Structures are given as C-alpha cells and as structure tokens.
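Asker: Input: one structure, supplied below.
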Amino acid sequence: MTRADVLVIGAGPAGLAAVAELARWGLTSLLVEQRDQVGGAIYRRHAGDGSHLLLMPEHHRRRRDALMMAYSQAQQRITTLMRSVFIGVDRDGRFLIDNRGLGQVQSVRPKAVIVAVGTVERVLPREGWELPGVVTAGGMQVQFKETGQTPQGKILLAGSGPLLLALAAQLAAAGNPPLAVLEHAQPLASAWWQGRAVFNALRSWPHVQEAALYARELWRARIPYLTGWQVQSVRRAEAGLVVQASHSSGVQRTYAVQHVALHDGLIANATGLPQAGQLAEACIVHAGDGREVLGASAAIDDGRRAAQQVARSLGQRCDSSQLDQAIAAAQRTQAALAQLFQAAPVAPTANTVVCRCEGLRRSDFDRLQVAGSAHELRLVGRFGMGACQGRFCAHAVSALAHERGIDFDPTAINGDVPRWPLRPVSLAALAAYAESESAPESVL
C-alpha cells in the first residue's frame, strides 16, 4: 500500500468527519486511534455482547448515524490503525506512532496532519478527590456507555457544567439516579442579569431540546438539582464515602455515598502536541474539541473544515463558508453557556492533592521557596513530572503560582519545544522501531 496523503490523529467525531471528507476530495488517510473502537467519548459504543439503551438526544443520534455511514462508505481510502498512540515528531520530521497492537513504534511522513484528539476533562482539586470511588463525570459516563452498567450504590454528581445534567439523566434512565447534582454555578439565577447569554443559548434549538430532555428525566426521578453548592472534601467511611458540601450562603451538608463524580468543564487537549502551521514540510491542522471545545455536532463540522483546509493546501479548491457559519453559531452558543455556568474557583487547602501522578499536595507547593518559573516548578517541585505530563495538574499549579506572583501559561510547564514521547512508551516498542514509506500495518 502506498503512503497515505494525510495522517489523522483521533477517531472521534472530528477525526471521522475529516477522513470521510478527505476521501470525498480523493485523498487517502491514515486514521490513528488509541482505543479499540472509533467514535470518541461522545459516540462510544457498548463493548460487551448485545447492546443497551443509552439516553441520547435525537439530533446527536442522527448526526452520529450519518457520520458512521460516511466513514463506512469512505473505507477504500482510509487505513485505520487502532490501539495506537501518536507519541511525537522527531527532529527529522517523522511522525511517530506507538502501535500497541503490534508492540512496535512506527513512523510515517504524511503530506499533512489533522490533530483531532478531543478534550481533557477539568476537575479542580478538592480534599479527597484522589480516593477510590471518586471519578470524573466523563469517566463515569464512558464506563457506563461501554459496560451498560451503572455504578452500584449511591452516586453524587458535583462540579459545574451541562455534562452533569446529561450524566444524571442517563443514570436515571438506566435505573440508578444520583442522590443529587451539586452545581457550583448558579445558571438559573444568573439568567436574570445575563439576558444576552440566555438569548444566544435559546437560539440553538437542538440545545434547547437536549436541555428539556435532561430536565424531564431529572424531574421524573426526583433528582435534586442544587445550584451554588460545591464539594469541600471527601473522606473514607466504613460504608463508602462521606462528602462535605457547602453553599455560597455558608450552609453545610453531608452526603454518605459510594461514588462521587466530579466535573468542572472541558478544555482542549493540546499539551505537547505540534501546533497548527507547517512542520517538517507537513501542513498541520487542529480540529474538533482539541482545537476549541464546541461539542460533538460542531466537532463534525470542524473536522470537515479541517479536511477542506488540508485539501486546499494540496491544490484543491474548497469552499468552507457554510461550515464557518455553523461553527460560528456553535461558538456563540458555547460562549453563552460559559457565561451562565461561570463559577468562582475552588481554593485547595494545604492537605489537598494537586498533582495526582506524583502525590503532591498544596502544602508541598507552599514549601517551594526557590521555584520562580514553570520550568523550576517542574524540575524542583516535580509538579507535572508524572505520566500525565501536566495535562491534569498544570492549570491548578498555574493558579497557585499566580497567587505567588509567578505568571506563566499552563502549557509552558512542558517547555517551549514539544519533546517526544508525549505518552509513556515501552522500551521494547522503541527497540522494534520500523520506518517505511508505506502506511504502517493495520491492527483492527
């Protein structure tokens, strides 16, 4: 097989839309996905035997089915590499892939690259958030989608953002509604003085229908949706977990549960990745939520737009004006939701774990007297030195640094020059490295 024209990293909505659009313009692509199935987090399929019903808004279902059909019809021009992870670009411009199915690092030299790696779920550090039984809302949702089983026992959802509503409704429809949803922001109250944001949110009818669907499920299951509340701490107990929560007015509540799902929004996954533009004679374009968090439907449009941008760089004539308009509308809606769900930051206490990979607490940060930059915080304090390479702790560390008068962008924790490997890779896979002008062997 000859070398693919375009390397597409990530097989979520944006990546699938990109390879289907590239095929429409006569271009071949190599689609690299770290999991064993396509669809990303939003379109994750049941991994076991049979299937299970998942509460999903109709507009998401229609767009998913159309996307999967387009991907299936374009198969002749797509090589899909599953269980494979993009780990970086070497100094000679080779794009390196850890093919975990084969146990081998492979390299390709495409004409262009589309980076569609999705989001990172943001969770603000709280006391006890590292304990067993405490997960992210997105993680709990993905587990439920793949297994078809809700967690057993009482569940508490807390943090901020629409994802909490979606998960609560899905759990309720599956038969295990959460004990409550603790929303840190006060979107209902802020609607009174955020008239423009409300207007812009209501302009998107699919989002209105989606919100109504989730609200109906919460009402049917009698799930309390409490605004202005935040989790202060989580601690172990004989029967599971004890959660201490507080309201903005100072009222305190205690919940006894087995599971806590936390969520404080989504941010684009860009840590250490090559930036858009030209690198090693390859055009690089970011797409979907990895470029800007706008939701699944907009990610599909953005993936198509990225493919058209690549096609133009390779000599095709494409008009992306309709896609530009659709993405602009999504940006307007997401900006409105961000205003309505705006919440004050959660200040970590001295005992709060900030860097989970290294087990470092706020008190460890406060003891750092010599660190005066992001680079020194990493080398001297070991913040961001773990397996996640700062993906989950960089923003929290940046906020703490600002309190000390150290100003740095969270992405600066990895330095100015991206270095590979971006993800942990085995020495055996590196020793088995193979370079070829043809596409790497596919493992489905």
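Asker: What FRET efficiency do you get for residue 219 and residue 146 if R0 is 35 Å and r is their Cβ-Cβ distance, rounded to the nearest 0.05?
Answerer: Using R0 = 35 Å, I get an efficiency of 0.80.
Asker: Which GluC sites (Glu not before Pro) from the range 192-299 combine a DSSP loop assignment with at most 15 other Cβ atoms within 10 Å?
Answerer: Filter output for the range 192-299: 238, 281.
Asker: So for the pair residue 316, residue 329, with labels modelled 7 Å out along Cα→Cβ, what separation do we get in nm?
Answerer: 2.3 nm
Asker: Ranking request for peptides 9-22, 254-267: highest mean number of other beta-carbon atoms within 10 Å first, then the rest in descending order.
Answerer: Top to bottom by mean Cβ count within 10 Å: 9-22, 254-267.
Asker: Using 0.36 nm per residue, how much length does the chain from residue 373 to residue 342 gain when fully extended, once their Cα-Cα distance is taken away?
Answerer: Using 0.36 nm per residue and subtracting the Cα-Cα distance, I get 8.3 nm.
Asker: Oh, and also: If each of residue 208 and residue 65 carries a label point 7 Å out from its Cα toward its Cβ, how far apart are those two points in nm?
Answerer: 2.4 nm
Asker: For the chain, take the alpha-carbon Rg, divide it by the Kirkwood Rh, and send me Rg/Rh.
Answerer: 0.96
Asker: Given a 10 angstrom Cα cut-off, can you work out which residue in 356, 100, 216 is the most mobile in a GNM of the chain?
Answerer: 216
Asker: With unit charges on the beta carbon (Lys/Arg positive, Asp/Glu negative), name the residue among 269, 286, 240 whose Cα is farthest towards the positive pole of the charge dipole of the range 222-365.
Answerer: Checking the options against the dipole of the range 222-365, the answer is 240.
Asker: Of all the accessible heavy-atom surface of the chain, with the other protein chains kept in place and a 1.4 Å probe, what percent is carbon and sulfur?
Answerer: 52 percent
Asker: Continuing with the same structure: Compute the semi-axes of the equivalent ellipsoid of the range 136-192, taking the square root of 5 times each eigenvalue of the Cα gyration tensor, and list them largest first in whole Å.
Answerer: Equivalent ellipsoid semi-axes, largest first: 23, 11, 9 Å.
Asker: If each of residue 239 and residue 109 carries a label point 7 Å out from its Cα toward its Cβ, how far apart are those two points in nm?
Answerer: Computed distance between label sites residue 239 and residue 109 equals 6.6 nm.
Asker: For the chain, report the accessible area per residue in Å² (1.4 Å probe, heavy atoms, rounded to an integer).
Answerer: Ligands and nucleic acids excluded, the result is 47 Å² per residue.
Asker: Here is a follow-up. Using the alpha-carbon centroid of each, what span in Å lies between the range 295-325 and the range 205-247?
Answerer: Measuring centre to centre over Cα atoms gives 37 Å.
Asker: Where does the charge balance sit around residue 386 when Lys and Arg score +1, Asp and Glu -1, over other residues with C-beta under 11 Å from its C-beta? Please list the in-between numbers first.
Answerer: Working: positive: 356, 378, 382, 391; negative: 358.
Summing Lys/Arg as +1 and Asp/Glu as -1 gives +3.
Asker: For residue 226 and residue 36 in the same chain, what is the full-extension length gain: residue separation times 0.36 nm, less their Cα-Cα distance, in nm?
Answerer: Using 0.36 nm per residue and subtracting the Cα-Cα distance, I get 64.6 nm.
Asker: Further, regarding this structure: Let's see if you can work this out: charge +1 on each Lys and Arg Cβ, -1 on each Asp and Glu Cβ, no other charges. What is the dipole magnitude of the chain about its Cα centre, in debye to the nearest 20?
Answerer: Values: 44 positive and 37 negative charges, 128 e Å.
It comes to approximately 620 debye.
Asker: Mind ordering 342-354, 153-165 by average Cβ neighbours within 10 Å, highest first?
Answerer: Averaged packing, sorted descending, gives the order 153-165, 342-354.
Asker: Determine by what factor the alpha-carbon radius of gyration of the range 245-375 differs from 2.2 N^0.38 Å, reporting the quotient.
Answerer: 1.52
Asker: Set the Förster radius R0 to 41 Å, insert the Cβ-Cβ distance between residue 76 and residue 54 as r into 1/(1 + (r/R0)^6), and round the FRET efficiency to 0.05.
Answerer: Between residue 76 and residue 54 the formula returns 0.85.
Asker: Running a GNM on the chain with Cα contacts under 10 Å, which residue among 46, 59, 286 ends up with the highest mean-square fluctuation?
Answerer: 59
Asker: Would you mind telling me which residue in 44, 367, 305 has the biggest mean-square fluctuation in a Gaussian network model of the chain, where springs connect alpha carbons within a distance under 10 angstrom?
Answerer: Judging by the Gaussian network model, the answer is 367.
The values are calculated or read from the model by the stated rules, or taken from the named source; none is laboratory data. Small disclaimer: the values here were computed from a predicted structure and weren't measured. Heads up, the Cβs are rebuilt from the backbone with ideal geometry, glycines too, and the neighbour counts pull from every protein chain shown. Heavy atoms of the whole protein, side chains included, go into the accessibility calculation; ligands, DNA and RNA do not. Shrake-Rupley method; radii C 1.70, N 1.55, O 1.52, S 1.80 Å.
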